[in-house]
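S.K.: Got a structure for you, questions after.
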Amino acid sequence: MPDASAAVPARPPVATTTPLDPAGPAAAGGNGTLHADAVAVLTGWTPTGPAAADARDRTLDLLADGPVALTRHHLPGHLTASALILDAAGERVLLCLHGKLHRWVQLGGHCEPGDATLAGAALREATEESGIPGLVIDPVPIDVDIHPVRCQGGSLHHDVRFAVFAPPGAVEQVSDESEALGWFPTDRLPEPLAGGTAKLVAPALAVHAGRRH
């Protein structure tokens with residue numbers, strides 16, 4: 001699952017890994033198919049605000065290092081994917097209480113070798129952490145956020161965030177990665193809340209409204 005946002009330091013000027021050919025995912029220590037998808041998605045994405053635009057540009061710069069930038073071994077930072085889950089009516093969001101941060105946050109986490117797309121990675125994480133089958137994801141990101149994390153002794157998560165929709169009557173199941181799951185009205189989110197989660201509600205609701213027309 002994603003970590004809470006905090007003040008974002010500038011990307012280290014010197015990478016601890018050598019950029020490698022995106023066509024060779026095995027040699028690069030990453031997933032070439034997912035890397036290509038991430039570059040295409042972010043290049044074609046219209047940011048939802050100035051902060052998201054800056055994060056998108058910095059993430060594309062990170063991805064210039066090749067598929068290795070998808071892995072937590074890339075110390076300057078790595079890509080993650082998360083999802084804000086809305087119920088079928090678009091009235092509530094499903095959040096998890098992060099086991100380490102003890103804050104409510106959207107679901108998500110690290111990309112895995114079998115992920116072919118960023119949206120697929122976010123959907124996989126949302127399904128695993130919510131226990132809800134039949135989730136549907138909109139493939140266009142609603143936000144990109146960069147925040148410091150403890151991976152490998154200190155790194156950055158470049159988190160690409162999506163809107164996900166639960167089927168009617170969805171029942172959640174707590175996973176090993178969270179203390180609790182809870183549905184909350186979109187205008188009454190819980191406290192303490194992870195930084196950056198609240199700003200996902202408006203764009204997710206806009207996507208939900210578009211799906212109904």
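The values are calculated or read from the model by the stated rules, or taken from the named source; none is laboratory data. Just so it is clear, the structure is predicted and the values come from calculations on it, not from any experiment. Cβ coordinates were reconstructed from backbone atoms using ideal geometry, including for glycine residues, and neighbour counts include every protein chain displayed. Please note that ligands, DNA and RNA were not included when accessible areas were found on the heavy atoms of the full protein model with its side chains. Shrake-Rupley method; radii C 1.70, N 1.55, O 1.52, S 1.80 Å.
S.K.: One residue is enough: does segment 150-166 have a residue meeting the conditions farther than 25 Å from residue 63 by Cα, open to solvent by 50 Å² or more (accessible area, probe 1.4 Å) and touching a strand residue (DSSP E or B) at 6+ places or on another chain (Cβ under 7 Å)?
M.R.: no
S.K.: Let me ask something else about it. Among the candidates 206, 121, 202, which residue alone is assigned to a helix (DSSP H, G or I) and within 21 Å of residue 31 (Cβ to Cβ)?
M.R.: Going through 206, 121, 202 in turn, just one is assigned to a helix (DSSP H, G or I) and within 21 Å of residue 31 (Cβ to Cβ): 121.
S.K.: Give me a count of the residues in segment 167-208 that are exposed (fewer than 15 other Cβ atoms within 10 Å of the Cβ) and closer than 15 Å to residue 136 by Cβ.
M.R.: Result for segment 167-208: 3.
S.K.: Counting just the residues of segment 125-149 that are in a loop (DSSP other than H, G, I, E, B) and touching a residue at least 40 places away in the same chain (Cβ under 8 Å), which one comes out farthest from residue 211 (Cα to Cα)?
M.R.: If we take residues in segment 125-149 being in a loop (DSSP other than H, G, I, E, B) and touching a residue at least 40 places away in the same chain (Cβ under 8 Å), then 131 is farthest from residue 211 (Cα to Cα).
S.K.: Moving on. Being among the aliphatic types (A, V, I, L, M), in contact with a strand residue (DSSP E or B) (Cβ under 8 Å, 6 or more places away or on another chain) and at pLDDT below 95 is the requirement here; does residue 75 meet it?
M.R.: yes
S.K.: Considering (1) surrounded by 15 or more Cβ atoms within 10 Å (Cβ to Cβ); (2) more than 13 Å from the chain's Cα centre (by Cα), say which one residue 123 fails and leave the rest.
M.R.: The one condition residue 123 does not meet is (2).
S.K.: Checking residue 74 against (1) surrounded by fewer than 20 Cβ atoms within 10 Å (Cβ to Cβ); (2) of a type outside the set (Asp, Glu); (3) assigned to a loop (DSSP other than H, G, I, E, B), only one condition comes out false. Which one?
M.R.: Condition (1) is where residue 74 drops out.
S.K.: Which of the residues belonging to segment 148-173 are closer than 26 Å to residue 90 by Cβ and within 19 Å of the chain's Cα centre (by Cα)?
M.R.: Scanning segment 148-173 gives 159, 160, 161, 162, 163, 164, 165, 166.
S.K.: Right, another one. Given the options 9, 47, 13, name the one that is touching a strand residue (DSSP E or B) at 6+ places or on another chain (Cβ under 8 Å), modelled with pLDDT under 85 and surrounded by fewer than 18 Cβ atoms within 10 Å (Cβ to Cβ).
M.R.: 9
S.K.: In this structure, is residue 179 more than 25 Å from residue 68 (Cβ to Cβ) and either at pLDDT below 95 or in contact with a Gly (Cβ under 8 Å, 6 or more places away or on another chain) (or both)?
M.R.: Answer is yes for this residue.
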